[in-house]
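The values are calculated or read from the model by the stated rules, or taken from the named source; none is laboratory data. Quantities reported herein were computed from a predicted structural model and do not represent experimental measurements. When we count neighbours, we look across all protein chains shown, and the Cβ atoms used for this are built from the backbone with ideal geometry, even at glycine. Protein only, heavy atoms only, side chains kept; ligands, DNA and RNA dropped before computing areas. Shrake-Rupley method; radii C 1.70, N 1.55, O 1.52, S 1.80 Å.
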Amino acid sequence: MSIIYKNLTTVKDPLLYLKPIKHHNIKNGSMVRIKTEDGIRTGQVLSVSREIVVIQVIEGTFGIGVGTAETEISFLDETFEIGVSREMIGRRFNGMGIPIDGGDPILPEEMRKIDGEPINPTRRAYPKDVIQTGISLFDGLNTLIRGQKLPIFTGQGLPHNKLIAQIVNNAKVRSNEPFVTIFCGIGILAESALYFQQKFEERGTTRLISFINLASDPTIERLIVPKIALTTAEFLAYKHDMHVLIVLSDMTSYAEALREVSNIKGEIPARKGFPGYMYSDLASIYERAGRIRGRKGSITQIPVVTMPNDDISHPIPDLTGYITEGQVVLSRDYHQRGIFPPIYPLASLSRLMKDAIGEGSTREDHSDVASQLYAAYNKFLQIKELESIIGSDSITLVDKKYLKFGSLFEEYFANQGETERSFEDTLNIAWNILSPLGAGELIRIKKEYIKKYFVKRR
Amino acid sequence: MNENENQKIMGKISSINGSVIKVIGFSHQSIGDMVNVSEELNIIGEIIKILDNIAVIQCYEETLGLKLNAIVTNLQYPLSMELGPGLLNSIYDGIQRPLDYIAEITGDFISRGMKVNALDREKKWKFIPSVKNGEVVREGDIIGYVQEYALRHEIMVPQGISGTITGISEGNFNIIEKICSIKNKNKIYNQKILSKWPIRIPRPYHKRMMPDQPLITGTRVFDLLFPVARGGVVAVPGGFGTGKTDLQHSLAKLADAAVIVYIGCGERGNEMADLLNSFPKLVDPKNNHPLMERTIMIANTSNMPVSAREASIFSGITMAEYFRDMGKNVLLLADSTSRWAEALRELSGRLEEMPTEGGYPAYLATRLANFYERAGLIEIIGNPKRIGSITIIGAVSPGGGDFSEPVTTNTKRFVKAFWALDPNLAYARHYPSVNWSNSYSLYDNLAEFWEENIHKGWEEYRKAINYILSREGELSSIAKLIGPENLPPEQQLIIYTADLIKEGFLIQNGFNDNDRYSSPKKTMKLIGLFLKFYNESLSLIKKNIPFFRFKELEVINSIRRARLDVNNDNLDELELLDLMLSRDLLQIHRQYAELL
Ligand SMILES: Nc1ncnc2c1ncn2[C@@H]1O[C@H](COP(=O)(O)OP(=O)(O)O)[C@@H](O)[C@H]1O
Ligand SMILES: [Mg+2]
C-alpha cells in the first residue's frame, strides 16, 4: 500500500510540494515519512489536491533536493499521535516528546492524537477553585483559578522567568489532590531552560514534566510542542484525575512560527503579516484549559506572551487577550523602580475570579476590597499626574490622602519581593494601606465590612 | 425542502484546503445545497461556489483525516433551521445541533459526523386550536398554539399555503404528526407543528415600522443616555476586557424581552458554561420561570469549526424571526460579530478571493447588512394582526481596540446605537465602560413613551446630564493646567458633580445584588438626586456661598453609594436622601443668609 514518491517539484523551506499519482487517496493532515541521505524526517500534509500535495517538514528541508533520487517520500495513514503515560512525570523531553534527560524511553499507556477535540461547552464545569500563588497582585487583584487560562504579558528584559519560577514553586490549592506542573518551552534560550531547571529543582522536580523546544531547534517544532504538552496534560487531568498547571513559554515564538509557515504558503495576511486564522489557531491551544463535569482533574494554563516593543495592541497579545480569561501585564516602569513582581494592576484582569473568591473560599470582603483598591489606585495615578503639573502645594487634603495610599500600595502591597503571602495576609495588608483614605472614601466596600475590617489610622 | 434523497447525487473530493474542499462529478448542484462529505467521516458541508462544474464546499467540521477522492453526496436541500416547540431552553452549535444531546452520545468532547435532529421528535405537545374546521386560512395565520413553558407558542400556516381547515382538534401531538389538513381545490397540505426555514433567506413580513418603544435594559447608562428601542440595532465595540461579554450576559438576564437568542460566536467555552450554570437558577421576575426557559443558546466557541461559526448568526436570526412572527419581542445577542467576520475572512482566504482592507472579503459589508437588516419592529403577515420585534445587540471586537478597522466601521453603517467601550474606563474598573463622548443612540424618539408610561422627566434629565458631562470634558483639561481650585466656583461644581455622576450613577457593579439591575424608577430617582444637588448648589454659589461648603456635605457620601446600598424595592431610602439633601442645603443657605 505504501507508495514511494521521488517526484518533488518544489521545495520552499519548510514546505515540500509534489503531485500525487492518480487514485492515491492521501489523507489531509496525515504524517509523512521523508527518507533522505542523512536519515528519516517527519512531515505532515497541510493541504492536498489532485494536482499538488503540500507537506510541512518538521526538521526543515535543508539538504532536500528536487530531481535527486535520494529523497523518498511516503504517506502514513495516521495523523499526528504521541504515546502518553504517567511515567512521564518527573521527566524531560524535547519538542517532539523524545526524552532528553538520559533516561529510558517511555512505555506509552495510550496513543493520543495531538490536535485534540473541542470540549463540548455543555460539559464544561465552570472554574471556581482558587489557586494561591502567594503573590498579592495575583491573589488579591487577579486571582488565578483552577481551569483558567491566564497569560502573563511581558516585555524583553523583564523578570518574567523569575516570576514564573516563583509561581510554579509556590502555587497551592486548598486540597491535597494530585498536582502536576508541565513546563512547555517554545523557542526558549538554552540559558533560560537551564534557569528554569535549576529553579524548579529547588522545590524538586518529581511533580514536573518539561517539554523543551530551544530557540535553536526547528521552527516547525514550535507549532507542535504545545500540542504535545497539552495532550499529555489532558491525559493526566481527565484520565488520571490530576490537577495540571501548564506554563507555555513563549507563545510569541509559537505565533511567529505560524506566521513563517503562512507566509511561505503564500496566504493572505491579516495584521502585521500574521494569518487571518491566528485567532482560531491560538484558541485551539488556549481553549484546552478547563474543567469537565464529573471529572476530578483540571488544566490551568499560564501562557507567557512577549509583547513586541511592549505593545499590548500587537496581534499576538491582542488575540491572546481576546481568548484567555484575563491577563497579567508586567510593567517596565515598575521594574525600573525596583518593584518586584512588576505587575501593573490596572491593565491586569482575572475574569474568573468574580465567582470564585469571597466567603468560604478566600474571604467575604475580597471582591469589594479588590474593587476599592483598583478605584483608589487609579485615582492616585490621576492625582499624581496633576501634582506633577501644578505642584504639591495646590493639592487638596483629600488628594494628599490618595498620594499617601498610592505610595503605600506600590511599596508594600505590590513590592513584596520573593516572599510568600496567604490570602489573609494579602487582604490584611490591603486594609492597612486603605487606612489613610478614611472610611468615608471607601464607597465600593459594604458598610458591614468597613465596620469589621477597617483599620483606624494610628 | 426534500429530506429523503430519492436520487443519489455523488461526487469525489479533488482538493482539501482546511475547511474548504472541492468536489468533481455532481450531476446536479446548486449554491446552498447541503452535502455529506466522506462515507467514513460523514462531515456536513454546504456548496458555496461552483467553478467549471467543480463544487466548492465549506465543511462544518474539521477536515483532518479526510481523504482525497472520498465520496461526497449532494443532499439537495439548503441549510435550514428546525422550528417548533423545544427550541427554548436549548443549546445548539452553529448549525443547530443540540450540544447537550451530542454530549450524551459522544461524551465530553465533540466528535465529527454527528447527525442529530434539532428538535425532539417523540415529545408530545398539547395543541389547542384557535381556528375551526371549515375556516379558510392563509399563510402566516395562527391556527392554534402549544404552551412552551411561559410562552404561548403559536402554530402558523407556512408560506405558500392557503385553503380550508379540516380535521383540526385539540390533542397531544409530537412535532411531526399531522395536526390538521389545509385543503385547496384538490391539493391537500398536511400541517405539522414542525416547520423549517433556510437560514440565508429572511422570513417575509408584512410591514416594517418605526421603533418607538424603549427596550428596558436595567443598565442606567443605556436606559437614560444611550437607549435602545424594541426592534433596534446596537453595536457594542470594545477591546478585550472592556466588558462586552459581561454586558451581553447581563442583558440576556435582565432585559425586558419574551425570547432571548444568545449567540456565543467564536468566543470562550467557559462563558457559555457560566450562562448554563447561572440561567437555570435565575428566574424571570415577570413569570417566575427560570430564565433558561425564555432562552435559546447557540455556542460555537472559538475552538469549534470556523464554517459553523459563520453560519451561527444566521441560524440565530432565523430562530429569532420565527418567534417574532408569533408576535413576540425577541432580543438577539451576538458575541462577537467580529469572530463571525473573521470566519468569513478565513473562508474567503481559502477560496483565494481578492481581499480588501485587513484581509476581509469585499462582500463583508453586504453580509453584515444581511444580518442586521433582519432586525426591526415588524407587522407580521397573517391573522390575527400582530406586531413582533427583533432587537439585535452585537459585540464587536476590534483588533488592537482600534475602532477604525473594517468590521467596526462597516458595522457602524447598519446600527443606530453605538455603545463604545473604553479600555481606560475598564482599567479604572469603571464598568460598564461606556465612553459617554464616543457613544450615541439615534433612538431619541422614545421620550413620549417614557413620559407617558414609565417616568416623567426623562428628556430633561438626559439634557442636563449631557450638559454636565460634556462641559466637564472641556473643563478638566483646563483644570489639569491650572489646578481645579483656580477655576471659578460654577466650573468647580461642574467637575465635582460630573465625578459624582460617574461614581454614583454611571458605574454599575454587576456583582452587587442591589446594583446589578436598576429599575427605571431607581434610575430616575437616583439621577434626580445628583441633578438636584447640582441645580441647588449652583443657585447658592451664585449667591456667593463658597464652593467648598458643598463638598463637605455629609449626605454626599451616602448619595454617592446609594446605587449599592438601595434596593429597587426600597426606593423610599432615596426619598429620604432627597430630604436630607434639601435640609443640608437649606442649612448652608441659612448660615450664609445671616452673613450676607
Ligand atoms: N458591570 C460590571 N461590573 C463589574 N465588573 C465588570 C462589569 N463588566 C465587566 N466587568 C469585569 O470585566 C471583566 C471583563 O469583562 P468581559 O465582559 O469578559 O470583557 P470582554 O468581553 O469585553 O473581553 C469581567 O470579567 C469583570 O471582571
Ligand atoms: Mg468577551
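A few notes on this one:
- Using the rule -39500 (n - 2.57) for each DSSP H run of four or more residues, divided by the residues of the protein assembly as shown, the 222 nm mean residue ellipticity is -9500 deg cm²/dmol.
- FRET E, pair B:Lys123, A:Lys447, Förster distance 45 Å, beta-carbon r, rounded to 0.05: 0.30
- Rounded percent of accessible protein surface that carbon and sulfur make up, chain B, 1.4 Å probe: 50
- The largest accessible area among B:Tyr363, A:Tyr286 belongs to the first residue in B:Tyr363, A:Tyr286, and the rest follow in falling order (1.4 Å probe, all chains).
- Contact order, relative form, for region B:513-571: 72 percent (alpha carbon pairs under 8 Å, 6 or more residues apart, mean separation divided by residue count).
- Under 5 Å between amide hydrogens, built in the peptide plane, is the criterion, and for B:Ile263 it picks out B:Ile298, B:Leu333, B:Ala334, B:Asp335 among residues at least 5 positions away or on other chains.
- Entries in A:Lys239/B:Lys124; B:Lys463/B:Lys551; A:Lys456/B:Lys480; B:Lys456/B:Lys502 that, when Cα-Cα distance is taken, lie over 28 Å: A:Lys239/B:Lys124; A:Lys456/B:Lys480
- Label separation (A:Ser313 vs B:Ala362): 2.9 nm, computed from points 7 Å beyond Cα along the C-beta direction.
- Cα gyration tensor, the protein assembly as shown - rounded (a/c under 1.5), prolate or oblate: oblate
- Counted over chain B, the DSSP beta bridges are approximately 70% antiparallel.
- Expressed as a whole percent, the accessible area of chain A that falls on carbon and sulfur atoms is 49 (1.4 Å probe).
- Interchain or long-range residues, amide H under 5 Å from B:Ala420's placed H: B:Asn435, B:Ser439, B:Tyr440
- Per residue, in Å², the accessible surface of chain B once ligands and nucleic acids are set aside, probe 1.4 Å: 39
- Between helix A:397-408 and chain A: long-axis angle, C-alpha atoms, 0 to 90°, nearest 10: 50
- Per residue, the accessible area of chain A comes to 38 Å², computed with a 1.4 Å probe over protein heavy atoms only.
- Label zone at B:Glu139 (point 7 Å along Cα-to-Cβ), backbone N below 18 Å, region B:311-350: B:318-319, B:321-327
- When only Cα pairs below 8 angstrom with a gap of at least 6 residues are kept, chain B shows a relative contact order of 13 percent.
- Note that region B:391-397 has calculated 3J(HN,Hα) couplings of 9, 10, 10, x, 7, 10, 10 Hz, one per residue in order, obtained from phi through the Karplus relation 6.51 cos²θ - 1.76 cosθ + 1.60 (θ = phi - 60°); glycine and proline are x.
- Shown in residue order for region A:190-201 are the 3J(HN,Hα) couplings computed by the Karplus curve 6.51 cos²θ - 1.76 cosθ + 1.60 at θ = phi - 60°: 4, 5, 5, 4, 5, 4, 4, 3, 5, 4, 5, 5 Hz (x for Gly and Pro).
- For B:Trp436, B:Trp340, the ranking by accessible surface with the largest value first comes to B:Trp436, B:Trp340, using a 1.4 Å probe.
- Residues losing 30 Å² or more accessible surface upon assembly, region B:52-69, compared with the chain by itself, 1.4 Å: B:Leu64, B:Gly65, B:Lys67, B:Leu68, B:Asn69
- Couplings for region B:158-171, taken from phi via the Karplus curve 6.51 cos²θ - 1.76 cosθ + 1.60 with θ = phi - 60°, read x, 4, x, 10, 7, x, 9, 6, 9, x, 8, 7, 5, x Hz in order; Gly and Pro are left as x.
- Interface size, chains B and A: roughly 6600 Å² of accessible area buried, both sides included, 1.4 Å probe, rounded to the nearest 100.
- A:Asp217 accessible area, 1.4 Å probe, all protein chains in place, Å² to nearest 10: 40
- Size of charge dipole - region B:205-443 - debye, nearest 20, with Cβ of Lys, Arg +1 and Asp, Glu -1, no other charges: 660
- Rounded, prolate or oblate (a/c below 1.5 giving rounded, otherwise prolate when a/b exceeds b/c) for region A:81-356 by Cα gyration tensor: rounded
- With 0.36 nm allotted per residue and the present C-alpha distance subtracted, the A:Arg33-A:Ala439 stretch has 139.1 nm of extension available.
- Heavy-atom accessible area, 1.4 Å probe, ligands and nucleic acids excluded: residues of region A:256-284 down by at least 30 Å² from chain alone: A:Ile268, A:Ala270, A:Gly276, A:Tyr277, A:Tyr279, A:Ser280
- Calculated FRET efficiency for the pair B:Gln591/A:Ser392, C-beta based, R₀ 45 Å, to 0.05: 0.90
- Helix A:251-265 vs. chain A, principal-axis angle (Cα, 0 to 90°, nearest 10): 40
- At the residue level, A:Lys456 shows approximately 150 square angstrom of accessible surface with a 1.4 angstrom probe and all protein chains present.
- Shown for region B:95-116: residues covered by the partner protein chains by 50 Å² or more of accessible area relative to the chain by itself (probe radius 1.4 Å), namely B:Asp108, B:Phe109, B:Ile110.
- Taking Lys and Arg as +1 and Asp and Glu as -1, the other residues whose beta-carbon sits under 13 Å from that of B:Ala362 total 0.
- Among beta bridges identified by DSSP and lying wholly in the protein assembly as shown, the antiparallel ones come to about 65 percent.
- Region A:81-356: antiparallel DSSP beta bridges as a percent of all, rounded to 5: 35
- Area of B:Lys196 that stays accessible when all protein chains are in place (1.4 Å probe, Å², to 10): 70
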